[in-house]
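Input: a single structure, listed below in structure tokens.
The values are calculated or read from the model by the stated rules, or taken from the named source; none is laboratory data. Please read all numbers here as calculations on a predicted model, not as lab measurements. When we count neighbours, we look across all protein chains shown, and the Cβ atoms used for this are built from the backbone with ideal geometry, even at glycine.
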């Protein structure tokens, strides 16, 4: 339903489509997405928040223990929800060049 | 992820540290307290990864631009979260309803002032319209609206009158209703004047009948909307109830209860609206919940 609303209202913009595609290819962090898409942080973070609010993306904190073992802070990572995956599939169908624009993340075990 | 990248040059490190040390606490003030620590932690983690070399050639070339872009992004992110939280907290509230009505009145007044050109001629039009047409329609419309006014939902658990602000709940309910109806009447009046201006200029006195019809429709509709809106508000915080859920199967012998339940987003209670309002007194019922239930109802606890 959310997807239908987004598509009908034209809110599934190029930016959102690119971010959804990046997330589907295994880029899970804000800076990762900025790096691979070339979008500025002022676009990526508010877009991620909006997608999370609309239920297309969910976020989780990485396990503290694992991060501590590797002597680094835990990160918040973003993943696509089921409606998010549907939105991503629709966006890819609508913008076919997206698949060629963003390379799959190395080590992505989707 | 487990591989630690090479560190960055010192000047870039310093700039990033300044962002982390100075701008992050300032920007975090835009975030509501409940979400602040998570937001700061997220940005600190991202800065850590950036500081420890997760960068590409594009960034190496444009250090200052990159730092400025990051700063802008951080503030934009904080501002978005702050605005969104504010919008969520005000959505459907009594204040936002009154502000929207007042702003609509101001907008209509401004358009009419622009159309008429001067205050004096605008006031003249207002006076003529108010005495000549509006009063004729408004008084019967107000009478009909209040005669058929939806009954205030009964409280399931009647207790002592609660005081959740400066005024008791009942007084706040009535005050809000009065102000809302007043603003709706003013807005209705301004909309009627707005439509009558071009009609009057085009048709002269023949346009009077059209004005009366328009006034009747606008006033009746606006008053009905204002009164119906009141029916679906929380009796404690006056926020619009939401999440309508149908309850109970439709009964063959019409004796079992079935209808719709709406809840207050702040967790004050629920309104049960029966599918059929029969002569056997199936009125709307406001079920106020104990404060210990607030967390279960409230949207603030949702992830």
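Of (1) modelled with pLDDT under 85; (2) surrounded by fewer than 20 Cβ atoms within 10 Å (Cβ to Cβ); (3) within 18 Å of residue A:81 (Cβ to Cβ), residue A:12 satisfies all except one. Which?
It fails just one condition, (2).
Taking residue B:204, is it on the phi > 0 side of the Ramachandran plot and either assigned by TED's automatic domain parsing to the domain that holds residue B:102 or in contact with a helix residue (DSSP H, G or I) (Cβ under 9 Å, 6 or more places away or on another chain) (or both)? Don't jump to the end; show me each part of the working.
Values: on the phi > 0 side of the Ramachandran plot: yes; either assigned by TED's automatic domain parsing to the domain that holds residue B:102 or in contact with a helix residue (DSSP H, G or I) (Cβ under 9 Å, 6 or more places away or on another chain) (or both): yes.
In short, yes.
To keep it simple, each residue is scored yes or no on (1) under 11 Å from the mean Cα position of the chain (by Cα); (2) over 21 Å from residue A:13 (Cβ atoms); (3) surrounded by fewer than 17 Cβ atoms within 10 Å (Cβ to Cβ).
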{"position": "A:32", "(1), (2), (3)": "yes, no, no"}
{"position": "A:37", "(1), (2), (3)": "yes, no, no"}
{"position": "A:72", "(1), (2), (3)": "no, yes, no"}
{"position": "A:85", "(1), (2), (3)": "yes, no, yes"}
{"position": "A:91", "(1), (2), (3)": "no, no, no"}
{"position": "A:98", "(1), (2), (3)": "no, no, no"}
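Look at the range A:35-46 and say how many of its residues are part of a helix (DSSP H, G or I) and either more than 9 Å from chain B (Cβ to nearest Cβ) or within 15 Å of residue B:43 (Cβ to Cβ) (or both). Explain how you work it out, then say what you get.
The first filter runs over the range A:35-46 and keeps only residues part of a helix (DSSP H, G or I), leaving A:35-37, A:41-46.
Remaining after also requiring either more than 9 Å from chain B (Cβ to nearest Cβ) or within 15 Å of residue B:43 (Cβ to Cβ) (or both): A:36-37, A:41-42, A:44-46.
Residues meeting the conditions: 7.
Show me the helices (runs of 4 or more DSSP H) entirely contained within the range A:57-101 in which 1 or more residues are touching a helix residue (DSSP H, G or I) at 6+ places or on another chain (Cβ under 6 Å). Please lay out each step first, then the result.
Details: elements: A:64-69, A:82-94, A:98-101.
Filter on the range A:57-101 gives A:82-94, A:98-101.
Could you list, ordered by first residue, the pairs with Cβ atoms under 9 Å in which the first is in the range B:39-67 and assigned by TED's automatic domain parsing to the domain that holds residue B:20 and over 24 Å from residue B:80 (Cα atoms) and the second is at pLDDT 60 or above and not in a helix (DSSP H, G or I), at least 6 apart or interchain?
The qualifying pairs are B:52/A:72; B:58/A:38.
What are the residue pairs meeting all of these: first residue in the range A:43-63, first residue on the phi > 0 side of the Ramachandran plot, second residue modelled with pLDDT under 90, Cβ atoms under 7 Å, and 6 or more apart or on different chains?
Every condition considered, the pairs that remain are A:55/A:2.
Against the definition (under 30 Å from residue B:175 (Cβ atoms), buried (at least 18 other Cβ atoms within 10 Å of the Cβ) and either at the interface with chain A (Cβ under 9 Å from one of its Cβ atoms) or modelled with pLDDT of 90 or more (or both)), how does residue B:97 come out, yes or no?
Details: under 30 Å from residue B:175 (Cβ atoms): yes; buried (at least 18 other Cβ atoms within 10 Å of the Cβ): yes; either at the interface with chain A (Cβ under 9 Å from one of its Cβ atoms) or modelled with pLDDT of 90 or more (or both): yes.
Criteria met by residue B:97.
Is it the case that some residue within the range B:120-134 is crowded, with 17+ Cβ neighbours inside 10 Å and closer than 18 Å to residue B:223 by Cα?
Within the range B:120-134 (the criterion being crowded, with 17+ Cβ neighbours inside 10 Å and closer than 18 Å to residue B:223 by Cα), the answer is yes, since at least one residue qualifies.
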